[in-house]
Amino acid sequence: MVNAVWLFLLAVGIIVAALTGRIDVVTSSAMAAAKLGVEVAISLIGIMSLWLGLMRLAEEAGLVRALARALEPLTRLLFPSVPRDHPALGAIILNISANILGLGNAATPFGLKAMEELQKLNQTRDEASEAMCTFLALNTSALTLIPATIIAVRLKADSGNPTEIIGTTIFATGCAMTAAIFADYLFRRRKGGRL
């Protein structure tokens, strides 16, 4: 549906530009946007590489396992069906850590790994487990303390104060994560599960 909307908007824009004799504006805008897209993507490679490398070092050094143990009371509360020291917990912690740092793209591989590990524990293969639903709620609504990717994009766009969004980002993502955890709790109670 969204693809149809975008196609409609693009087609109308091109037709109107052609009818008004301003097709050159569409062409130059498309080229400028493509150039900006490539520049932003390339500039993000550095920051993504840095954080992914740091997280990989933390994983290899055993810091992820230590963090998982430190956060065990919270993870036991949120994921009661996941056994202690299961690889899913480490992947969940890495995913949430990447999201807290505002590195959504870096969080994706950890999220996929977490879901893969949670699927191994799933009794019904064609239905998401409670742990999978909880993780999805946390992942999509993750608290972001340092929106590093957005700050990098704002820097690239020559923002006068690229970090001014930190306070509002923390507030908005905090509200979203609280709502997601509360909704997950309500759905579990309604279904007869426990938290």
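Residue 176: modelled with pLDDT under 90 and either under 19 Å from the mean Cα position of the chain (by Cα) or surrounded by 16 or more Cβ atoms within 10 Å (Cβ to Cβ) (or both), yes or no? Criteria not met by residue 176. Within region 78-116, the set of residues being among the aliphatic types (A, V, I, L, M), surrounded by fewer than 15 Cβ atoms within 10 Å (Cβ to Cβ) and within 23 Å of residue 170 (Cα to Cα) is empty. Under the condition of being touching a residue at least 40 places away in the same chain (Cβ under 8 Å), of a type in the set (Gly, Ala, Ser) and under 24 Å from residue 163 (Cβ atoms), the residues counted in region 77-111 number 5. Residues in region 114-142 that are assigned to a helix (DSSP H, G or I) and basic (Lys, Arg): 120 only. Going through (1) within 16 Å of residue 75 (Cα to Cα); (2) in contact with a Gly (Cβ under 7 Å, 6 or more places away or on another chain); (3) among the aliphatic types (A, V, I, L, M) one by one, residue 138 falls short only on (2). Just one of (1) modelled with pLDDT of 90 or more; (2) outside any helix (DSSP H, G or I); (3) in contact with a helix residue (DSSP H, G or I) (Cβ under 8 Å, 6 or more places away or on another chain) trips up residue 145, so point out which. Residue 145 satisfies all of (1) modelled with pLDDT of 90 or more; (2) outside any helix (DSSP H, G or I); (3) in contact with a helix residue (DSSP H, G or I) (Cβ under 8 Å, 6 or more places away or on another chain) except (1). Of 157, 142, 137, 131, which residue is out of contact with any His (no Cβ under 6 Å at 6 or more places or on another chain), surrounded by 16 or more Cβ atoms within 10 Å (Cβ to Cβ) and within 28 Å of residue 46 (Cα to Cα)? Among 157, 142, 137, 131, only 142 is out of contact with any His (no Cβ under 6 Å at 6 or more places or on another chain), surrounded by 16 or more Cβ atoms within 10 Å (Cβ to Cβ) and within 28 Å of residue 46 (Cα to Cα).
For region 29-40, residues that are closer than 19 Å to residue 155 by Cβ and either surrounded by 11 or more Cβ atoms within 10 Å (Cβ to Cβ) or touching a helix residue (DSSP H, G or I) at 6+ places or on another chain (Cβ under 8 Å) (or both) total 3.
The residue that is nearest to residue 36 (Cα to Cα), counting only those in region 148-166 that are of a type outside the set (A, V, I, L, M, F, W, C) and not in a loop (DSSP other than H, G, I, E, B), is 156. Whether a residue is in a helix (DSSP H, G or I), at pLDDT 85 or above and closer than 30 Å to residue 172 by Cα was assessed, and residue 16 does not pass this test. Regarding residue 110, is this residue among the aromatic types (Phe, Trp, Tyr) and closer than 25 Å to residue 42 by Cβ? Yes: the conditions hold for residue 110. Considering only residues that are among the aliphatic types (A, V, I, L, M) and over 18 Å from residue 102 (Cα atoms), which ones fall in region 158-179? Residue satisfying the conditions is 179 alone.
The values are calculated or read from the model by the stated rules, or taken from the named source; none is laboratory data. Since we're looking at a predicted model, the values are computed, not measured. Every residue, glycine as well, gets a Cβ built from its backbone with ideal geometry; the counts of neighbours run over all protein chains shown.
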